[in-house]
Amino acid sequence: MEAGVACKLNYPTWIRFGRKSTGSLRFDRIAKQEHKTRVVVSAHFPVQTSSNRHRSVSLEVSCSSYTNFSASTMETGSIHAPYDEALMLKNKSLEVEPYLNGHSIYLVGLMGSGKTTVGKILSHVLGYSFCDSDTLIEQEVNGMSVAEIFKLHGESFFRKKETEVLQRLSSKKQLVVSTGGGAVVRDVNWDYMQKKGIVVWLDVPLEALAQRIAAVGTHSRPLLHYEDGDPYTKALKRLSYLLEQRGKNYAKANARVSLEEIAGKLGYRDVSDLTPTEIAIEALEQIEVYLKEEDGMAIAGL
């Protein structure tokens, strides 16, 4: 795909009201009767009111593709959220945009922390393009999976390719990038990510991560192959080790999104009750806090 080609997508989604109340970061949720409404969320203007009847607003998402990256790896993701969550997300994005000033967002965190899911939601609402650094690496190695790359070429080869990808992405703006769990271990990667970007750490409790990974299987996670036991035990052991090794690196992020803190704020007992949209809203909140600080404003050119 040619560089600089603009695209937009317009699609409807069915959303069921009457979903379990999840609260809000800004105001109390209003209960709604359960029925389906055809809703299309707009990225061009905020809607000030909501209705239980057939209320339609439009969703248009702009994205750009860049040279060296195919459309399949620079994309936008789908937002499947209750109407009021989607509205809150859009309104928060409008508050953050003047401070963000087109700078890219790099999501970091351990494997299974939801970087891709949250990243696609953020790219949608901001009108940014989405990239998964692992997918870009796989494309460069003849479509070989990350697990295969580790097995045939070793981790050092993979880390080198990871740095090359981040170097190229660092020259772009208006990207949301989902990075690999180990991208934070190389200092040079921080130089590239923070060159024109803001780094956001998705901080998820280890037990919740282990449950997620065990549910989908560990075969695609090469760093988990070193441990013995059932999938949950294997994942928890390795994640604990990785967090011990990388914790200080993750803490260097410009903004931290703690799922435990979000759950506490919204009155949840378990972080698994959080929706990806609620996490994305908190990410925008933390980005805004950072950019309003002196250092953040200097990076954003404000």
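Any idea which of THR73, THR163, THR117 is closer than 27 Å to VAL216 by Cα and modelled with pLDDT of 95 or more? Lay out the reasoning, then the answer.
Working: THR73 fails: modelled with pLDDT of 95 or more; THR163 fails: closer than 27 Å to VAL216 by Cα.
After applying the criteria, what remains is THR117.
Can you tell me which residue in the stretch 248-265 is nearest to LEU107 (Cα to Cα), limited to those that are assigned to a helix (DSSP H, G or I) and either of a type in the set (D, E, K, R) or at pLDDT below 95 (or both)?
Let us first name the residues in the stretch 248-265 that are assigned to a helix (DSSP H, G or I), namely 248-250, 259-265.
Filter once more, keeping what is either of a type in the set (D, E, K, R) or at pLDDT below 95 (or both): 248, 260-261, 265.
Working: LYS248: 16, GLU260: 18, GLU261: 18, LYS265: 22 Å.
Checking each candidate, the answer is LYS248.
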I'd like the residue in the stretch 268-284 that is among the polar types (S, T, N, Q) and in a helix (DSSP H, G or I) and, out of all such residues, is least open to solvent (accessible area, probe 1.4 Å). THR277
Being closer than 17 Å to SER104 by Cα, at pLDDT 95 or above and open to solvent by less than 60 Å² (accessible area, probe 1.4 Å) is the requirement here; does ILE287 meet it? yes
So which residues in the stretch 91-130 are assigned to a helix (DSSP H, G or I) and β-branched (Val, Ile, Thr), if there are any at all? VAL96, THR116, THR117, VAL118, ILE121, VAL125
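Taking the stretch 191-203 as the region of interest, how many residues are open to solvent by 10 Å² or more (accessible area, probe 1.4 Å) and either modelled with pLDDT of 95 or more or of a type in the set (Phe, Trp, Tyr) (or both)? Walk me through it before giving the result.
Pass one, the stretch 191-203, residues open to solvent by 10 Å² or more (accessible area, probe 1.4 Å): 191-192, 194-196, 201, 203.
If we keep only those that are either modelled with pLDDT of 95 or more or of a type in the set (Phe, Trp, Tyr) (or both) as well, we get 191-192, 201, 203.
So the answer is 4.
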Any chance the stretch 99-118 includes a residue that's surrounded by fewer than 23 Cβ atoms within 10 Å (Cβ to Cβ) and basic (Lys, Arg)? no
Mind checking which residues of the stretch 120-160 are open to solvent by less than 50 Å² (accessible area, probe 1.4 Å) and over 26 Å from LYS173 (Cβ atoms)? VAL141, MET144, SER145, VAL146, ALA147, ILE149, PHE150, GLY154, PHE158
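For (1) closer than 26 Å to TYR241 by Cβ; (2) touching a strand residue (DSSP E or B) at 6+ places or on another chain (Cβ under 7 Å), each residue gets a yes or a no:
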position	(1), (2)
GLY127	no, yes
CYS131	no, yes
LEU136	no, no
LEU152	yes, no
PHE157	yes, no
THR163	yes, no
GLN174	no, yes
VAL185	yes, no
GLN194	no, no
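The values are calculated or read from the model by the stated rules, or taken from the named source; none is laboratory data. Since the structure is predicted, the reported quantities are computational estimates derived from the model, not experimental observations. A quick note on method: Cβ atoms are made from the backbone with ideal geometry, for glycine too, and the neighbour counts reach across all protein chains shown. Accessible surface areas use protein heavy atoms only, side chains included; no ligands, DNA or RNA. Shrake-Rupley method; radii C 1.70, N 1.55, O 1.52, S 1.80 Å.
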